[in-house]
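Report on one structure; see the data block that follows.
The values are calculated or read from the model by the stated rules, or taken from the named source; none is laboratory data. This is a predicted model, so every value here is computed, not measured. Cβ sites come from the backbone with ideal geometry, for glycine too, and all protein chains shown count toward neighbours.
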Amino acid sequence: MRPTAVALLLAVQLLGSRPATAQTPYAPVVANEQIELPRDYGSHPQFRTEWWYATGWLTTRTGESLGFQVTFFRTRLDLHGDNPSAFTPHQLIIGHAALSDPGRGRLWQDQRIERAGFGLADARIGNTDVWVGSWSLARAAPDYQTRIAGDEFSMDLRFTPTQVPMLNGAAGVSRKGPDPAAASYYYSEPHLAVTGRITRAGRGDEVTGEAWLDHEWSSEYLDPEAVGWDWIGINLRDGGALMAFQIRGGDGTARWSGGSLRSAGGQLQILGREDVAFTPRRRWRSPRTGIDYPVVWQVRAGARRLTLEPLLDDQENDTRLSTGAIYWEGAVRALENGADVGRGYLELTGYGEKLRLR
């Protein structure tokens, strides 16, 4: 990350530490206000936090399997006082990107952060069009295009929808805790067909694959007792799709859980708390941070019983220079009764310390 971005992050932290005089108002998630597409493909700047999150599996022409993730965050800052200056950073745009590379036994990762505006970064209203510097994710219906130019790797990928979007929760309103205010607007786009090109350490490869895209926005995502979450998005081989999550409390148990299970024929089952259970089966300790992550899981989602196994154990993301968080996010295989039934991504947050989204 450039020194200017580090200076910006420090300035934001100082702004947030000032005595409160006029706290920023944030829009709430309202149960009877449903997601509407295509309107909601775009940004929702009145909410505190928003992200567009693309993950998937890639195959090179030589048959290598790789995982990838590209995430753009928009954060509305909690500013104190009425400062009309155009230089006050009201919104931040953050980009995270990674390639899981088992052949080299490593995770290529990079991050960017800039204030919105001044041609540096932005997230458009009305359609997916978010960028920070030369990094971008944009939708030109029906496809998405992402371009990432990291310090050691790059991605230029096109995502083509093969299915209609999946609205999670109650028509897109997804509860995240006992308090109804802990909720998000949330939809997923499973089974995106991927084509494009990647580079690693100067070597280029044409790739194809399959991806999953999440778009989520909220002002109160976690309640005060929550420390983090475990989440999966799995493209099932039969054409079905599974999203499931649990929100963990300080004692490690689930405070809330839920998900969506769509069949190959398109029937959608919204999963409640009693329908979802995450059970860890094997752990891995990071040699860099010492954080201990459960990287093999058994997940019960409705009538399905899946075992998740990582493409490689070391898929720890260190984003302390942008979001301040360290978390595990990586490609996984889904097995059922020993058979390979799907591929997707697993995200584990709040294991080193409590995750803070504000």
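Checking each residue in the stretch 1-55 for being closer than 25 Å to Asp110 by Cα, at pLDDT below 90 and among the aliphatic types (A, V, I, L, M) picks out Met1, Ala5, Val6, Ala7, Leu8, Leu9, Leu10, Ala11, Val12, Leu14.
Of the strands (runs of 3 or more DSSP E) contained entirely in the stretch 315-358, those carrying at least 1 residues that are at pLDDT below 95 fall at 316-319, 325-336. Screening Gly103 on (1) at pLDDT below 95; (2) under 27 Å from Gly196 (Cβ atoms); (3) in contact with a Lys or Arg (Cβ under 8 Å, 6 or more places away or on another chain) shows it passes everything except condition (3). Residues that are in contact (Cβ under 8 Å) with a residue 60 or more places away in the chain and under 18 Å from Met243 (Cβ atoms) do not occur anywhere in the stretch 309-321. Taking the listed residues Glu210, Glu225, the one that is at pLDDT below 95, at negative phi and among the acidic types (Asp, Glu) is Glu225, with no other qualifying. If you go through the stretch 91-109 and keep only what is more than 19 Å from Phe47 (Cβ to Cβ) and either surrounded by fewer than 20 Cβ atoms within 10 Å (Cβ to Cβ) or of a type in the set (Val, Ile, Thr) (or both), you end up with Pro102, Gly103, Arg104, Gly105, Arg106.
Does at least one position in the stretch 151-168 carry a residue that is on the phi > 0 side of the Ramachandran plot and touching a strand residue (DSSP E or B) at 6+ places or on another chain (Cβ under 7 Å)?
Within the stretch 151-168, not a single residue is on the phi > 0 side of the Ramachandran plot and touching a strand residue (DSSP E or B) at 6+ places or on another chain (Cβ under 7 Å).
Cβ separations smaller than 7 Å between residues 6+ apart or across chains give the following pairs from the stretch 41-64 residues that are assigned to a strand (DSSP E or B) to residues that are among the polar types (S, T, N, Q) and surrounded by fewer than 16 Cβ atoms within 10 Å (Cβ to Cβ): Thr59/Thr208. Among the criteria (1) out of contact with any strand residue (DSSP E or B) (no Cβ under 9 Å at 6 or more places or on another chain); (2) more than 21 Å from Gln315 (Cα to Cα), the one Ile93 does not fulfil is (1).
Residues that are of a type in the set (A, V, I, L, M, F, W, C) and surrounded by fewer than 20 Cβ atoms within 10 Å (Cβ to Cβ) number at least 1 in the following strands (runs of 3 or more DSSP E) confined to the stretch 115-232: 135-140, 143-149, 183-200. Mind checking whether some residue in the stretch 320-333 is within 19 Å of Glu210 (Cβ to Cβ), touching a Lys or Arg at 6+ places or on another chain (Cβ under 9 Å) and of a type outside the set (Val, Ile, Thr)? Within the stretch 320-333 (the criterion being within 19 Å of Glu210 (Cβ to Cβ), touching a Lys or Arg at 6+ places or on another chain (Cβ under 9 Å) and of a type outside the set (Val, Ile, Thr)), the answer is yes, since at least one residue qualifies. Considered as a group, the residues in the stretch 123-163 that are small (Gly, Ala, Ser) and in contact with an Asp or Glu (Cβ under 6 Å, 6 or more places away or on another chain) include one that is modelled with the lowest pLDDT, and that residue is Gly150. Listed conditions (1) acidic (Asp, Glu); (2) under 17 Å from the mean Cα position of the chain (by Cα); (3) more than 21 Å from Gly133 (Cα to Cα) are all met by Asp78, apart from (2).
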